[in-house]
Amino acid sequence: MAASEQTTPANQTAKDSSTVRVIAVTGGKGGVGKSNVSINLGMALAQLKQRVVLLDADLGLANIDVLLGLRPARNLEDVFAGECGLRDVIVDGPGGIRVIPASSGTQSMVRLNHQQHAGLIAAFSDLVDEIDVLIIDTAAGISDSVVSFVRAAQEVLVVVCDEPSSITDAYGLIKVLHRDHGVQSFRVLANQTRSNEEGRALYARLVATTDRFLDVMLHYAGDIPHDELLRKAVRKQQAVYALYPNSAASKAFGQLAEKVDKWPLATGASGYLEFFVESLLASHP
């Protein structure tokens, strides 16, 4: 079911120090640009004075550090090995964001059990007063790791592009999350579009498919245009939002961040990060 863009209700209270917005950026398949969306959205939110932490949740084939030209001394593999704490692996990224790097090419990281996944999220409890937005860049596919992170997040941002397999795989992910985990609401971002109309058309195609078989709500988050400057920035291992701030892609990320900043926040004394932990643990006793 399609929905108009959801913004903060008039009676929504201002963010307090314990409230953390948790956004999972996913897509079902590789190659749709999830990591670039995560990075540049994070930087655009940081420019709006949000304290942003970006978690590279592709636990076996991490690439956020590579995309940003970072050389972290430690990563999540060291945390799971008990060699350091989560705070010890956080590195400063560009534009005011902080990055939690994962490992690349380490099979053991792919085979983490549910308790280890939950332990990773629980470790964020110590950082609750230092974060406004936690962006989770998931792996491709619908592995247990992807589902664990996505189903527990407050917001699920599904990235699609103009490829038949992108729509098919995005639908598959939405189906699993809805059928097996009760996730009802998703936000859809069209990436690498040639026009605003193309973005809307991609969204409409996905809505047409979900409306036939699923009882879910899809919200259109907008589109990011195809931009050769983004590709150029990737080759230079930099974020387009920093390297080419006046590019079409950067302006679109700025607009997306302004929308995200108006999405409703979780309320409650504990903030959303604690609920995120509890939700993840409840699904995997």
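In this calculation the C-beta distance from Ala73 to Arg235 is compared with R0 = 35 Å, giving a FRET efficiency of 0.90. Legend: translational diffusion of the stretch 170-221 by Stokes-Einstein, Rh = Kirkwood radius over C-alpha pairs, 37 °C, 0.692 mPa s; D = 289 µm²/s. In whole percents, the pair-distance distribution calculated for the stretch 61-103 from its alpha-carbon pairs, binned every 5 Å from zero, is 5, 27, 34, 21, 11, 2, 0. Between Asn191 and Val160, Cys161, Ile224, the built amide H atoms are under 5 Å apart, and every one of these is 5 or more places off in sequence or on another chain. Less than 5 angstrom separates the built amide H of Met217 from those of Ser185, Phe186, all sequence-distant by 5 or more or on a different chain. Of all lysines in the structure, those lying under 30 Å Cα to Cα from Lys262, and not within fewer than 8 positions of it along the same chain, are Lys15, Lys29, Lys34, Lys49, Lys175, Lys251. Only alpha carbons enter this Debye calculation for the stretch 127-239, each as an equal point scatterer, and the log10 of I(q)/I(0) it gives at q = 0.16, 0.24 Å⁻¹ is -0.82, -1.37. Considering only the Cα atoms of the stretch 143-184, their convex hull presents on average a projected area of 2.9 nm².
Coordinate-derived values only; no laboratory data. Since we're looking at a predicted model, the values are computed, not measured. Virtual Cβ from ideal backbone geometry, glycine too; neighbours counted across all protein chains shown.
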